[in-house]
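Below is one structure, written out as structure tokens; the observations come after it.
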Amino acid sequence: MAAMGEIRGDAVEATFGEQIRSYVLHPYKLAKDSRSGAETGDVKGLLEGGPPLDDFLAAHLRWRASRREGCEERGAHATGRATGQEPLCGPTGGLS
């Protein structure tokens, strides 16, 4: 069961303001990832797995790497959930 916890990461309550990604389909189209800052007007392409998805994945990987680097500079491991671009570091654990 510990392996599932590592894969799943931290559980958070899905409440208003806690979402990491927003999709607006009407009256205009926009998808935005609040952690990485990635956004696109091609929501259909993103949802269908087209080129915008690659951009979102690349932005997420850059965001995650920046969290790791920020924590390593502090001599800690990235852990838990971060707010905005600020890394959340702890003495143990890995990236979530």
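The values are calculated or read from the model by the stated rules, or taken from the named source; none is laboratory data. Since the structure is predicted, the reported quantities are computational estimates derived from the model, not experimental observations. So basically every Cβ, Gly included, is an ideal-geometry build from the backbone, and we count neighbours across all protein chains shown.
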**Residue selected from the range 19-41 under the condition out of contact with any strand residue (DSSP E or B) (no Cβ under 8 Å at 6 or more places or on another chain) and surrounded by 13 or more Cβ atoms within 10 Å (Cβ to Cβ), by the criterion farthest from Leu57 (Cα to Cα)** = Lys29
**Message:** Condition check: exposed (fewer than 15 other Cβ atoms within 10 Å of the Cβ), of a type in the set (A, V, I, L, M) and at pLDDT below 95. Does Ala14 satisfy that?
**Reply:** yes
**Complete:** The correct count of residues that are part of a helix (DSSP H, G or I) and in contact (Cβ under 8 Å) with a residue 12 or more places away in the chain in the range 17-57 is 7
